[in-house]
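Asks: One structure, pasted below without further comment.
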Amino acid sequence: MIEDIVETVAATASEVREGLPGRRVYDDAENPSGEKQLAADCYADELYEQRLLALPDVKSYASEEREEIVEADAGHLHVACDPLDGSSNLKSNNAMGTILGVYEEPLPASGNALVASAYVLFGPITTMVVAHEGTVTEYVVEDGELRVVTEELTLPDDPVVYGFGGRVPDWPADFIDYANVVEQELKLRYGGAMIADVNQVLTYGGVFAYPALQSRPQGKLRLQFEGNPIAHIVETAGGASSDGNQSLLDVDPTELHQRVPVHVGNESLIERLELALD
Ligand code: P6P
């Protein structure tokens, strides 16, 4: 069940982290989103596929790093994995990690079909955040083992930080207006790996966004692998999410690698965002 998946991801993530040195080189390949793949991306992807599909409850494995879904013979849960979110941070030795969504329907699926979501953050220490059955739990991961450090993680009421992706000249005018106001109220925290930036929002309160851009109206982040799981975690922690109009969990799934504008954080900041984009 979910506990087996969480424990397997924690153990595998430790192995992935240990294997990062020496894998900072780019392979010749690209992922389905047209992004260059690091040797580390492929290494992590193969490990997660192997370990997760070996679990009896896992029916399929989908990854941001591969076009097709891999099916197992049995099981009823469908996992969507971003094996190394923010892998471009490997070159500069900044935080990154793994995102996992566990859906009870075949992919592409609505975020409302998530039964659990998690990320493993490779920061100064390795932590794991898991949303399941209405609660968010934070763990420290040591030698592949999980130790609970926060039993019911909730978003702080008073927002402190913000982080907005993309380039300012590429933001639509209505998002620029929203950003100009938020920048007067909060502190900038943007590090180029969504889970590290979202972890700051969950810790201090605030908002993270990778908005729609003029050059790419659907933004950069993938709904199945990034938007849905992170929205599930933030909403379970008492926050909100939006594609600009609605909760990310309500966005219609049309294709496995579809992109979506991502905004997550304190409810008041997300409400203001939706008003600004109206
Ligand atoms: P940019 C990492 O590549 C990622 O998918 C997210 O983790 C992160 O928030 C975003 O893209 C960073 O994008 O354009 O700032 O490099």
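Asks: What translational D, rounded to a whole number of µm²/s, comes out for the chain from Stokes-Einstein when the hydrodynamic radius is the Kirkwood one over Cα pairs, at 37 °C and 0.692 mPa s?
Replies: 178 µm²/s
Asks: On full extension of the chain, what length is gained from T154 through A173, given 0.36 nm per residue of separation minus the C-alpha to C-alpha distance?
Replies: Result: 3.6 nm gained on full extension.
Asks: Also, quick follow-up: Pairs of alpha-carbon atoms within less than 8 angstrom and 6+ residues apart define the contacts here; what relative contact order does region 2-150 have, in percent?
Replies: 18 percent
Asks: With all protein chains present, calculate the accessible area of H232 using a 1.4 Å probe and round the result to the nearest 10 Å².
Replies: Estimated to the nearest 10 Å², H232 gives 30 Å².
Asks: For region 183-278, which GluC sites (Glu not before Pro) are in a loop by DSSP, counting at most 14 other Cβ atoms within 10 Å?
Replies: E255
Asks: Given a cut-off of under 8 Å on Cα pairs at least six residues apart, what relative contact order in percent is computed for region 30-78?
Replies: Relative contact order here is 35 percent.
Asks: What does the charge add up to near S14, with Lys and Arg as +1, Asp and Glu as -1, over the other residues with Cβ less than 12 Å from its Cβ? Mind showing how you got there, number by number?
Replies: Numbers: positive: R17, R51; negative: E7, E15, E18, E142, D143, E145.
Within the 12 Å Cβ shell, the charges total -4.
Asks: Now, a different point. Please list 3J(HN,Hα) in residue order for region 87-95, calculated via the Karplus relation 6.51 cos²θ - 1.76 cosθ + 1.60 where θ = phi - 60°; whole Hz, with x for glycine and proline.
Replies: For region 87-95, the Karplus curve yields 4, 5, 6, 4, 4, 9, 6, 10, 4 Hz.
Asks: OK, next. Provide D57, D157, D28 ordered by accessible surface of protein heavy atoms (probe 1.4 Å), highest first.
Replies: Accessible-area ranking of D57, D157, D28, largest first: D28, D157, D57.
Asks: Scaled to the compact-protein estimate 2.2 N^0.38 Å, what is the alpha-carbon radius of gyration of region 134-278, rounded to two decimal places?
Replies: That ratio works out to 1.02.
Asks: Using Cα-Cα distances under 8 Å and only pairs 6 or more residues apart, what relative contact order does the chain have, in percent?
Replies: 16 percent
Asks: Now, a different point. What translational D, rounded to a whole number of µm²/s, comes out for region 2-150 from Stokes-Einstein when the hydrodynamic radius is the Kirkwood one over Cα pairs, at 4 °C and 1.567 mPa s?
Replies: 84 µm²/s
Asks: Would you rank S242, S268 by solvent-accessible area, highest first, keeping every protein chain in place and using a 1.4 Å probe?
Replies: Result, largest first: S268, S242.
Asks: Here is a follow-up. Exactly which trypsin sites (Lys or Arg not before Pro) in region 1-107 are in a DSSP loop and have at most 16 other Cβ atoms within 10 Å?
Replies: Those that pass, being in a loop and sparsely packed, are R24, K91.
Asks: Give me the extension gain from D73 to E105: residue separation times 0.36 nm, minus the current Cα-Cα distance, reported in nm with one decimal.
Replies: 10.0 nm
Asks: Short version: ³J(HN,Hα) in whole Hz for each residue of region 110-121, in order, from phi by Karplus 6.51 cos²θ - 1.76 cosθ + 1.60 (θ = phi - 60°), x for Gly and Pro, what are they?
Replies: Going residue by residue, I get 5, x, 6, 8, 6, 9, 7, 9, 7, 9, 10, 9 Hz, with x marking Gly and Pro.
Asks: Return the distance in nm (one decimal) between the two label points of a simple spin-label model at Q214 and Q50, each offset 7 Å from Cα along Cα→Cβ.
Replies: 4.7 nm
Asks: Leaving out ligands, DNA and RNA, and with a 1.4 Å probe, what % of the accessible surface on region 2-150 is carbon or sulfur?
Replies: Carbon and sulfur atoms account for 45 percent of the accessible area of region 2-150.
The values are calculated or read from the model by the stated rules, or taken from the named source; none is laboratory data. No experiment lies behind these values; they were computed from the predicted model shown. Virtual Cβ from ideal backbone geometry, glycine too; neighbours counted across all protein chains shown. For accessibility, only protein heavy atoms count, side chains too; no ligands or nucleic acids. Shrake-Rupley method; radii C 1.70, N 1.55, O 1.52, S 1.80 Å.
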